[in-house]
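The values are calculated or read from the model by the stated rules, or taken from the named source; none is laboratory data. Note that the structure is a prediction, hence the values are computed from the model and not measured. Cβ: placed from backbone, ideal geometry, glycine included. Neighbour counts: every protein chain shown.
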Amino acid sequence: MPKNLAGDLWGGLAAMLVALPSAIAFGVTIYAPLGGAQAAQGALAGILGAMALGLLAAALGGAPRLISAPCAPAAAVLAAFAIEMLRQGHDVAGVALLLVLLGLLAGLLQIAFGLLRLGRLIGYMPYPVVSGYLTGVGLIIIGSQVPKLLGAAPDASLWQALAAPGLWNWQSLLIGAVTAVAMLSAPRLIRIVPAAILGLLAGALTYFALAGAGAVPATAAANPLVIGPLGGVGGGDASFMEALAGRWQAVGALDPATLELLIFPALTLAGLLSIDTLKTCLVLDALTRSRHDSNRELIAQGVANLGSALVGGMPGAGTMGATLVNLSSGAASRLSGVFEGAFALAAFLLLGGLIAWLPVGALAAILIVIGARMIDRQSFHFLKSRATFLDFAVIAAVVLVALTVGLIAASGVGILLAILLFVREQIGGAVVRRRLLGNQSFSKRVRTQAEMQILAARGDCAAICELQGSLFFGTTNQLYTALEADLKTRRYLILDLRRVQTVDVTAAHMLEQIEDMLAERGGCLIFSQVPHRLPTGRDIRQYLDEVGLLRPGGGAKVFDELDQAQEWVEDQIIAAAALELAAESALALGELELFRGRKAETLAALEQHMEQRSFKAGERIFARGDTGDELFLIRRGAVRILLPIDATLTHHLGTFGRGAFFGEMAFLDGEPRSADAVAFSDVELYVLSRRTFDAFAEEHKRAALALMEGIASVLASRLRYTNAELRALEA
């Protein structure tokens, strides 16, 4: 036996009591414009829709405890379609057939949506669009029901009904008012019975009281104030099944031009029903801390609407009210939805005769209350702030288009406006997050005092710009404006792309123009930290290569790290100043920065205490944790200091070039090595151990003291440059 069967049973019963009155009202709304006994057929279509949707959608769906039933968007679209078809001259039987076919086609489209895995697109529906859409549907429902509440002629529009108070039916108004008051006050008095049931019961009792007083007819036949007899249930000339069979037999007589009329309304209906369902699923997920399968749910809804159309029911979607009642009544599985459909069928079979006596004014009042509750009043708070005023404008535009053109057009307009607001927001944000010059920020390569003096004096020929956000047609002009001054005065431009989210072809073309402008002046455009994999799956480096920006032989360069890009630029600046670099001849001891100006005999004595070692590029000089007390002085080549993070990752601490020294920490304190030292190129070194240095110091105290002062001076200089760089980064 399934777990929590009782909870699912009571949940299904409560959900049916909520969904059925609305389903009947929606069905009457759709079929009432057809005149005659069609209102009764509409009530029956609503009941059959609740039954078919409850049974099929719950059994096949991807969101347990979701209740599917006829809904307001379906009523709004189908009622407008029926009125339009009548205006175009179609007969009543033909319009009734087209309504069934419209539901059938909408179901097929929903199945296609699910198979194409379009369910996840609901997450991209902006809130102002959803708010405006719901408000628009609510106003459309209210506008269609006010004439029925006033007892106006069946073909009267809202404005025609309001403009002729002399034709209002006070009995219908009284019944509707009692229904609305009972529905609104019921939750304060009793919570066990759904408000719609109590409202409908109050309206029916009011009608019978008026009938007892002789104020309204006491018969259901030919009575405009009630639904009237259901064919095959409460009496009538022909049974509902015979009418339905006749409709299907007429399918063969439809011409292609008539069928073409269904395409756009079917897309509209399928889209709205899918949005309504998945929106309810998102709320259900939040309440139950679960995750629904949106694509499976779309397929299930499509099959359910297909089945509803085949038996003559109206289409629908996952509904919020019935779902919340089902959940609060203890439902725990999809069985609750199946029970809801079964209870709807039982209600139809047992109470079908009583449905004929349901007052039209009571049903209209129920729908007006439902429509009023769909209006998003919270959106008016957006008017209080300038920051959210444009969001309210989107909502207002969606509502206006929904009322004047249609719901799908309204959704399209809303999404377009939301996209424009997003583009506006992106344009308003700064694309350049940080800008530094080459004499404000330096690479991790440890350089000699002379080299640092060159970089401090000439480093402003390079600019480093950290970009952020989206580089697309909307921000291209802003980016060019931000870089324009540097393009006129700098030789090297480094663009750090690590925070860039996307690049489009317009931005790529502008970057290509920047590359050409720098190349004409003998400069270079450099990219660093180009994202290989964004959350969208795009590889920006590959994209820039595909659009030709990183073409072979081009002027742009790419480095994996910003430090590597800075180091390359610094090398170019130093080379332009004609300084000897790592690839030149090995330095003699007296040419090293630490020993310049020392006496030749002192240097000769010190060199006798030193070793000379050489390493090939890639060879490890020492590793983290090694014991040793040597100080290494670089005669030729470059050495990188790396901090191991795990078995595969290392952090680059710095690069030491020709004339620099490293290993001073272990030389000074005798502790194990704290990082790895690896030859970046072929390296020649002087190696001075602390033991041999101490022996040298015994004989040359002043030279030894000068060496220690030199080491301290270089370390202090490195710290000062680091402090200056940190201040520039914080600026």
Counted residues, segment 325-354 - those being of a type outside the set (Gly, Ala, Ser) and under 16 Å from Pro229 (Cα atoms): 5
Number of the exception - Asp376 against (1) under 24 Å from the mean Cα position of the chain (by Cα); (2) over 30 Å from Ala182 (Cβ atoms): (2)
Criterion violated by Leu606 - all others in (1) out of contact with any strand residue (DSSP E or B) (no Cβ under 6 Å at 6 or more places or on another chain); (2) within 30 Å of Ala462 (Cα to Cα) satisfied: (2)
Ala177 in contact with a helix residue (DSSP H, G or I) (Cβ under 9 Å, 6 or more places away or on another chain), surrounded by 15 or more Cβ atoms within 10 Å (Cβ to Cβ), more than 26 Å from Leu351 (Cα to Cα) and not hydroxyl-bearing (Ser, Thr, Tyr): no
Matching option when the condition is part of a helix (DSSP H, G or I) and either among the charged types (D, E, K, R) or closer than 30 Å to Gly94 by Cβ (or both), among Gly321, Gly307, Gly313, Gly337: Gly307
Selection within segment 257-268 - loosely packed, with under 15 Cβ neighbours inside 10 Å and closer than 17 Å to Ala402 by Cα: Phe264, Leu267
Some residue of segment 475-498 being of a type in the set (Phe, Trp, Tyr), farther than 25 Å from Phe442 by Cβ and in contact with a helix residue (DSSP H, G or I) (Cβ under 8 Å, 6 or more places away or on another chain): yes
Condition check for Leu436: crowded, with 16+ Cβ neighbours inside 10 Å and either under 19 Å from the mean Cα position of the chain (by Cα) or outside the structural domain of Leu121 (by TED's automatic domain parsing) (or both): yes
Verdict on Val193 being at pLDDT below 85, in contact with a strand residue (DSSP E or B) (Cβ under 8 Å, 6 or more places away or on another chain) and either under 18 Å from Phe26 (Cβ atoms) or not acidic (Asp, Glu) (or both): no
Qualifying residue in segment 269-291 (condition: surrounded by 17 or more Cβ atoms within 10 Å (Cβ to Cβ) and part of a loop (DSSP other than H, G, I, E, B)): no
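Quick check on segment 655-697: of everything there that is among the polar types (S, T, N, Q) and in a strand (DSSP E or B), which residue is surrounded by the fewest Cβ atoms within 10 Å (Cβ to Cβ)?
Filtering segment 655-697 for residues that are among the polar types (S, T, N, Q) and in a strand (DSSP E or B), the one surrounded by the fewest Cβ atoms within 10 Å (Cβ to Cβ) comes out as Ser689.
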Exclusive hit being assigned to a loop (DSSP other than H, G, I, E, B) and either outside the structural domain of Ser336 (by TED's automatic domain parsing) or not hydrophobic (A, V, I, L, M, F, W, C) (or both), set Gly62, Gly7, Gly27: Gly62
Candidates Gln566, Gln612, Gln572 - the one that is at pLDDT 90 or above, outside the structural domain of Glu684 (by TED's automatic domain parsing) and either among the polar types (S, T, N, Q) or more than 43 Å from the chain's Cα centre (by Cα) (or both): Gln566
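Listed here are the residues, each with its yes/no results for (1) within 24 Å of the chain's Cα centre (by Cα); (2) closer than 26 Å to Gly271 by Cβ; (3) modelled with pLDDT under 85.
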position	(1), (2), (3)
Leu407	yes, yes, yes
Ile415	yes, yes, yes
Ala418	yes, yes, yes
Arg424	yes, no, yes
Ala430	yes, no, yes
Gln440	no, no, no
Ser443	no, no, no
Arg447	no, no, yes
Cys465	no, no, no
Yes/no for Leu407 being over 25 Å from Gly143 (Cα atoms) and outside the structural domain of Asn477 (by TED's automatic domain parsing): no
Any helices (runs of 4 or more DSSP H) falling wholly within segment 153-215 and containing at least 2 residues that are closer than 15 Å to Val226 by Cα and in contact (Cβ under 8 Å) with a residue 12 or more places away in the chain: 170-189, 195-212
Test: residue in segment 344-352 that is more than 26 Å from Thr277 (Cβ to Cβ), in contact (Cβ under 8 Å) with a residue 40 or more places away in the chain and surrounded by fewer than 21 Cβ atoms within 10 Å (Cβ to Cβ): yes
Test: residue in segment 383-391 that is under 29 Å from Ala39 (Cβ atoms) and modelled with pLDDT under 85: no
